[in-house]
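Here's the structure we're looking at; comments come further down.
The values are calculated or read from the model by the stated rules, or taken from the named source; none is laboratory data. Not measured: the values here are computed from a predicted model. Here Cβ is always computed from backbone atoms with ideal geometry, including for glycine, and neighbour counts include all displayed protein chains. Quick note on the areas: whole protein, heavy atoms, side chains included, nothing else; ligands and nucleic acids left out. Shrake-Rupley method; radii C 1.70, N 1.55, O 1.52, S 1.80 Å.
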Amino acid sequence: MRRYIKELKPTTFSDIVAMVALYRPGPMEHIPTFIKGKHGEEEAHYLHPVLEKILKETYGIIVYQEQVLFIVREVAGYSLGKADIFRKAMGKKNPEVMRKEKQNFLDGAKQRGFHY
């Protein structure tokens, strides 16, 4: 963590919060990309332009569970309640719920004009 904080050179409290959120198994692999994004060494990539407003502050990386909520609401038209079910299933890696939500997500995205 110390090495990453030194590389990041945080200038805001949000930088530190993001680093703490990323410093876990799985998301940790995105720390170098986050650091390069902060320093303008790597441009953020978004799978769709609608994701830019949600992921801009984290340089195109999903860092927070709240970002998942915003993404499923924006892309698939989920209500907050349904988005939270989706978020919990992802967080707990519940395959049964994720299979069901995958189809709901794809159906919602298609209705909103997203093509996959």
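Which condition breaks for LYS36 when tested against (1) within 22 Å of PRO25 (Cα to Cα); (2) open to solvent by 100 Å² or more (accessible area, probe 1.4 Å)?
(2)
When only residues in the stretch 24-60 that are of a type in the set (Lys, Arg) and over 21 Å from ILE71 (Cα atoms) count, which is nearest to the chain's Cα centre (by Cα)?
Going through the qualifying residues, I end up with ARG24.
Which of (1) within 24 Å of HIS115 (Cβ to Cβ); (2) touching a helix residue (DSSP H, G or I) at 6+ places or on another chain (Cβ under 9 Å); (3) surrounded by 12 or more Cβ atoms within 10 Å (Cβ to Cβ); (4) charged (D, E, K, R) is the odd one out, the single condition LYS53 does not satisfy?
Single failed check for LYS53: (3).
Within the stretch 62-74, restricting attention to residues that are in contact (Cβ under 8 Å) with a residue 24 or more places away in the chain and buried (at least 19 other Cβ atoms within 10 Å of the Cβ), which residue is nearest to the chain's Cα centre (by Cα)?
VAL63
Name every residue in the stretch 81-95 that is modelled with pLDDT of 90 or more and surrounded by fewer than 12 Cβ atoms within 10 Å (Cβ to Cβ), in order of residue number.
Result: GLY81, single match.
Out of the residues in the stretch 63-104 meeting the condition of being among the small types (Gly, Ala, Ser), part of a helix (DSSP H, G or I) and in contact with a helix residue (DSSP H, G or I) (Cβ under 8 Å, 6 or more places away or on another chain), tell me which one is farthest from ARG24 (Cα to Cα).
Looking at the filtered set, the residue picked out is ALA76.
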